[in-house]
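Heads up, the thing below is written out as structure tokens.
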Amino acid sequence: MGNENMTAAPSGAFRTGEGLLNIAANKQEQFVALCREIGRPELASDPRFAERETRKKNRAALKVEIEDAMADAPAAAWEEKLNRAGVPAGRVLTIPQVLTEPQVLERQVTAHFDDMPDMDRRLTVLRGGFMVDGEAPLPTLPPPALGEHMDEVFAGLPRRAKALI
């Protein structure tokens, strides 16, 4: 079912005016609030969607209705509005967007290398998600270039293995 939750609807990623928004309105009160906040309160009493089981059976039609209603604003605006109303919702972020999030910046999970050969931009790498003696170690060297250590690795292989390469 992809991003959908088989036990509830609406759930999963929904298109908005700009970007995707993950919604998990699994409780009845969350669904009612969602309908109200997207300007479609009548969906909560529509026989196809009024109850959890009918929503699950009609999830494709419900998704169309929700996406149509959310087409006039970006995911970030819907995220804020729905969360304020008690509806679990979060933007689906790209990797570059994730790397600029305040908590990611605060936790210093990236290291940067400038002036990389054959690159016209800064190289950003992630650190491991662990601590050593209370410190989060950052990479001090960039990753090797493709094939950079090939001769050294192949030199350590038995002669028979080299013939297969």
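Just so it is clear, none of the values below were taken in a lab; they were calculated from the coordinates. As the structure is a prediction and not an experimental result, all values here were calculated from the model. Reconstructed Cβ throughout: ideal geometry from the backbone, glycine too, with neighbour counts over all protein chains shown.
Key figures for this structure:
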| item | result |
| --- | --- |
| Gyration tensor (Cα) of the chain, equivalent ellipsoid semi-axes in angstrom | 47, 21, 15 |
| Lysine pairs in the chain with Cα atoms under 28 Å, if 8 or more residues apart or on separate chains | 7 |
| Net charge contributed by nearby residues that have their C-beta within less than 14 Å of His112 (K/R +1, D/E -1) | +1 |
| Under 5 Å, built H, 5+ apart or other chain: amide partners of Arg91 | Asn22 |
| Net dipole in debye of region 11-92 [+1 Lys, Arg Cβ; -1 Asp, Glu Cβ; about Cα centre; nearest 20] | 320 debye |
| Fraction of beta bridges assigned by DSSP in region 11-92 that are antiparallel (%, nearest 5) | 90 percent |
| Region 95-102 - phi-based ³J(HN,Hα) in whole Hz, Karplus 6.51/-1.76/1.60, Gly and Pro as x | 4, x, 5, 4, 5, 9, 5, x |
| Dipole of the chain, positive direction: furthest Cα of Thr54, Phe154, Pro96, with charges on the beta-carbon | Thr54 |
| Rounded to whole Å, sorted largest first: equivalent-ellipsoid semi-axes of region 4-84, Cα gyration tensor | 19, 13, 11 |
| Antiparallel DSSP beta bridges within region 17-165, as percent of all bridges there, nearest 5 | 90 percent |
| Peptides 29-36, 141-148 ordered by average Cβ neighbours within 10 Å, highest first | 29-36, 141-148 |
| At most 14 other Cβ within 10 Å, DSSP loop - chymotrypsin sites (Phe, Trp or Tyr not before Pro), region 81-165 | Phe130 |
| Local net charge near Arg127, Cβ-Cβ under 11 Å (Lys/Arg +1, Asp/Glu -1) | 0 |
| Packing rank of 132-139, 67-74, where each peptide gets the mean count of other beta carbons within 10 Å, highest leading | 67-74, 132-139 |
| In order through region 31-46: 3J(HN,Hα) via Karplus (6.51 cos²θ - 1.76 cosθ + 1.60), integer Hz, x for Gly, Pro | 5, 4, 5, 4, 4, 5, 5, 8, x, 10, x, 5, 5, 5, 10, 4 |
| Stretchable slack from His112 to Phe130, in nm (0.36 nm times residue separation minus alpha-carbon distance) | 4.6 nm |
| Neighbour-limited loop hits for trypsin sites (Lys or Arg not before Pro), region 57-138 (at most 16 other Cβ within 10 Å; DSSP other than H, G, I, E, B) | Arg107, Arg121, Arg122, Arg127 |
| The chain - percent relative contact order, Cα under 8 Å, separation 6 or more | 18 percent |
